[in-house]
Amino acid sequence: MPPARRRGGNTASARSNQPVLSFGAKSRVTKPSATPSTPSGKAKSLEPLTAELSEIDSQKSIPSPTLTEPSQPHVAELALRSQAKAEIQQPLSEEDKKATKITKKQLQEYWSKEESKSRGPRVHHDNLTLDEKILRHFDLSSQYGPCIGIARLKRWRRADSLELHPPIEVLSVLLKQENATAQRAYIDELMS
């Protein structure tokens, strides 16, 4: 038979030091009353400073960028623009010559093939042009490498040099666009 267990400190004097919570009908637990509404000494000394700061804030007029006027380009945007300009200024390669000969009809055929591969309708493609649909599809194709932090044209050339066989139609769209801001992947815009 195991020895009896001794309970130490179970006397009435030990229990009286610890508060007891009772759930009986006679006792109720209530919240403490609200704090007094008169400010303390510290709060009184801070009142002139807060009033002064609010005056300074009201005097400053910080212009917020609106939807009609864009703000200054981000550092990543400037870096991608310089990458794109450097890629465009290179002499035309064999692939570039093939890409410039691709017609609008061939681009539509390429996109209809890509559309037929998808199981469901593409979301948020209602207002996009054919070129932008092709470029966004290229952005989301992970087999050609990451699209964040690199110009689209540079990504296409890197995938081609690694023999990943990126679509020539994407290169055609990229070479037709003279705008350097279109070289930035849509995902990259969202992430920054």
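The values are calculated or read from the model by the stated rules, or taken from the named source; none is laboratory data. Given the structure is predicted, the values throughout are model-derived calculations rather than measurements. For the accessible areas, the whole protein counts, side chains as well, though only heavy atoms, and no ligand, DNA or RNA atoms are used. Shrake-Rupley method; radii C 1.70, N 1.55, O 1.52, S 1.80 Å.
Tell me the Kirkwood radius of segment 99-152: reciprocal of the mean inverse pair distance over distinct alpha-carbon atoms, in Å.
Taking the inverse mean of 1/r over all distinct Cα pairs, segment 99-152 comes out at 12.5 Å.
Starting from the residue with the highest accessible area, list E163, E109 in decreasing order, probe 1.4 Å.
These residues rank, largest area first, as E163, E109.
Heads up, I need the accessible area for R157: 1.4 angstrom probe, whole protein in place, Å², nearest 10.
Taking all protein chains as shown, R157 has close to 50 Å².
Suppose accessible area is computed on protein heavy atoms with a 1.4 Å probe; arrange L92, L135 from highest to lowest.
L92, L135
By accessible area of protein heavy atoms, probe 1.4 Å, what ranking do V20, V173, V123 get, highest first?
Per-residue accessible area, sorted high to low, gives V20, V123, V173.
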